[in-house]
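Trainee: This is the structure, below, for whatever I ask next.
Coordinate-derived values only; no laboratory data. What you are looking at is a predicted structure, and each value in this text was computed from that prediction instead of being measured. Note that each Cβ is placed from the backbone with ideal geometry, even for glycine, and that neighbours are counted across all protein chains shown.
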Amino acid sequence: MSEFLERLNQVACLRAPKADYRLDASAGHLLRLAHQRYQSMFQERAAGLGLTGPQFATLLRLSEIGRATQNHLGRLAGMDSATIQGVVRRLIARGLMRTANDPMDRRMRVLTITAEGEALLNEAQQAGMQANDALMAPLTEPERAKLVSLLRRLSRG
């Protein structure tokens, strides 16, 4: 039996050393956790509005620019074409945005936000601000500004 234990010890010593990568020091992991926390806070504050985070971002971007094609809106909201397609379809079905032919190019379809969409967006923006403030509460104002600045740099790739 001691021969078996000795061999087992030799095999254990041959294992590769543990990597220095630590999950709790990973920017990607910590960003994901912070994002999950924000989404939870947003959903809590936006309860009853029936908006997901991607739907909120889409309405907000469309409200900011006035009108856009679906692909352009998706890029502005940080979504791939499959994701924005589903988001837009659901928002149109709820009457929060509409689609029409572009008057400059009848072949192109453009999206605009409806009055109902703007009204819901106003409520959702309050929930978004409250969730953002709650997430950032442990930070000082200079830390908040620095974090947002750094995240902007990281998100540009």
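Trainee: Size of segment 82-154 along its principal axes in angstrom, Cα-based, largest extent first?
Mentor: Principal axes ranked by extent give 50, 27, 23 Å for the Cα atoms.
Trainee: Then there is this: Mind listing the phi-derived Karplus ³J(HN,Hα) values for segment 118-133, rounded to whole Hz, using 6.51, -1.76 and 1.60 with θ = phi - 60°, and x for any glycine or proline?
Mentor: Each residue's phi maps through the Karplus curve to give 5, 5, 5, 4, 4, 5, 5, 5, 4, 5, x, 5, 5, 5, 4, 4 Hz.
Trainee: What longest region of the chain stays clear of trypsin sites (Lys or Arg not before Pro) that DSSP places outside H, G, I, E and B and that have at most 15 other Cβ atoms within 10 Å?
Mentor: With a cap of 15 other Cβ atoms within 10 Å, the longest stretch comes to 23-93.
Trainee: Would you grab the residues whose amide H sits under 5 Å from the one on Ala68? Only those 5+ places off in sequence or on another chain, please, with H modelled 1.01 Å from N.
Mentor: Leu111
Trainee: Percent of Cα-Cα pairs per 5 Å bin, from 0 to the last occupied bin, for the chain, please list those.
Mentor: The percentages, shortest bin first, are 1, 8, 13, 15, 15, 12, 9, 6, 4, 4, 3, 4, 3, 2, 1, 1, 0, 0.
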